[in-house]
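Data block below; observations after.
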Amino acid sequence: MRVAVLSVHTSPLAQPGTGDAGGMNVYVLQSALELARRGVDVEIFTRATASTDPPIVRVAPGALVRNVVAGPFEGLDKNDLPTQLCAFTAGVLRAEATHEPGYYDVVHSHYWLSGQVGWLARDRWAVPLVHTAHTLAAVKNASLAEGDRPEPPLRSVGEQQVVDEADRLIVNTEYEARELVSLHRADPERIDVVHPGVDLAMFTPGDKRAARSVLGIPGDEPIVAFVGRIQPLKAPDVLLRAAAKLPGVRVVIAGGASGSGVVTRPDTGSAANPEGLVRLAEELGITDRVTFLPPQSRDRLVDVYRAADVVAIPSHAESFGLVAVEAQACGTPVVAAAVGGLPVAVRDGVTGTLVATHEADDWAAAIGGVLDGDRDAMSSAAQAHAATFSWGHTVDGLLASYGRAISDYRARHQRVEPPPRRDRRRLSIRRGVRA
């Protein structure tokens, strides 16, 4: 099997935790590597963002990334990318043209921008389109944080088009499946639920003191960590406000600015950007208890999870929350917002705690409860729960979905010979006169 994977707006090779790179990047790369290990050839198409990006990067035997030139390398906001979809599509089609006809068996697009390209590639190559939305505009707009920008109407329209055109839709959880049906009238028969995975060989428990020493963090304080992009959607400010009510607790924030957190927005009062978080910590009087770290590589990210006593995920919306599973795989309990797919990623009261609000008092109580509770029992339960989310299980689901997509597509497009014509007269038009 050969799969063309489309990831227009962010490269799977980008550092998660900053810009537009996050859980989707991890999903695309790790699933591609696992597919390649199964003997599937995977080509990932993404937009080049630097003149130094090589046209092709081979990340493993059977898996490569194609950097397609489409628009300026720098300074192009994600909301401006629709203007470059034609150029990107042209690059994808030209790459396919170098292969023999019928080279790809299926197209898998990630995020709505990629779905727009996948829809055209599907029609050109006569293969099925499988689409994963990862997030939906309607869901994000329904739970906007203070100072965040709503998703533009263009995105909602584009998402509806992709939902209508895709041969199959892959979602992270049953909750997301219900959202697709209720918000976009998706056909439930075309939806497959496939949980994301975690690298269980990479993310494992380890020495807490050694991890803190590597990160330069004091060894004896209770630590709550936030890992991810710093933007209003992820709500790191909620964690700081909660920490102000927990004397002696240190907060570690590992990530970079993203989305509407890229610039300081004093007009809105948003604290969900790096500069705003620094100011908020000062206002709360907890500057000496907050450690800011840049986005971490995978091996250093393991140290962050191991160093923490609790990992907090106060997001206003999450389709799944890979950070939750990675942290639990390291034996660290998670306190998370009860939104989106997080109730699947976290077992409330067993591997962590789910919080129904974004009020600082509620978060302080939840974090304090985990810190004061039986963390050894939660740690063991967290590891066991995370073990059910391997990339192997994810790819089992992807391959099953691909198989259904291919089978259904071929059944719908079987060549049917037309019946013999009885009347072979032709109707032609010449200069507006029928003959």
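The values are calculated or read from the model by the stated rules, or taken from the named source; none is laboratory data. All figures in this text were calculated on a predicted structure; none of them were measured in a lab. Heads up, the Cβs are rebuilt from the backbone with ideal geometry, glycines too, and the neighbour counts pull from every protein chain shown.
Could you tell me whether VAL139 is modelled with pLDDT under 95, under 19 Å from VAL339 (Cα atoms), within 21 Å of the chain's Cα centre (by Cα) and not in a loop (DSSP other than H, G, I, E, B)? Judged against the criteria, VAL139 is a match.
All of (1) touching a Ser or Thr at 6+ places or on another chain (Cβ under 7 Å); (2) in a loop (DSSP other than H, G, I, E, B) hold for VAL370 with one exception: (2). A residue that is under 19 Å from VAL42 (Cα atoms) and charged (D, E, K, R) occurs nowhere in the range 129-148. Within the range 283-300, the presence of a residue that is in contact with a Ser or Thr (Cβ under 8 Å, 6 or more places away or on another chain) and part of a helix (DSSP H, G or I) is excluded.
Of the residues making up the range 148-162, those that are without any contact (Cβ under 8 Å) to a residue 40 or more places away in the chain and over 17 Å from SER182 (Cα atoms) are PRO150, GLU151, PRO153.
Residue-by-condition table, conditions (1) out of contact with any Ser or Thr (no Cβ under 9 Å at 6 or more places or on another chain); (2) touching a residue at least 24 places away in the same chain (Cβ under 8 Å):
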| site | (1), (2) |
| --- | --- |
| GLN15 | no, yes |
| TYR27 | no, yes |
| ALA32 | yes, yes |
| THR52 | yes, no |
| GLN84 | yes, yes |
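Of note, VAL40 does not satisfy the criterion of being aliphatic (A, V, I, L, M) and under 22 Å from GLY228 (Cβ atoms). Condition check for ARG94 on (1) surrounded by fewer than 19 Cβ atoms within 10 Å (Cβ to Cβ); (2) under 22 Å from the mean Cα position of the chain (by Cα); (3) under 25 Å from HIS413 (Cα atoms): one failure, at (2).
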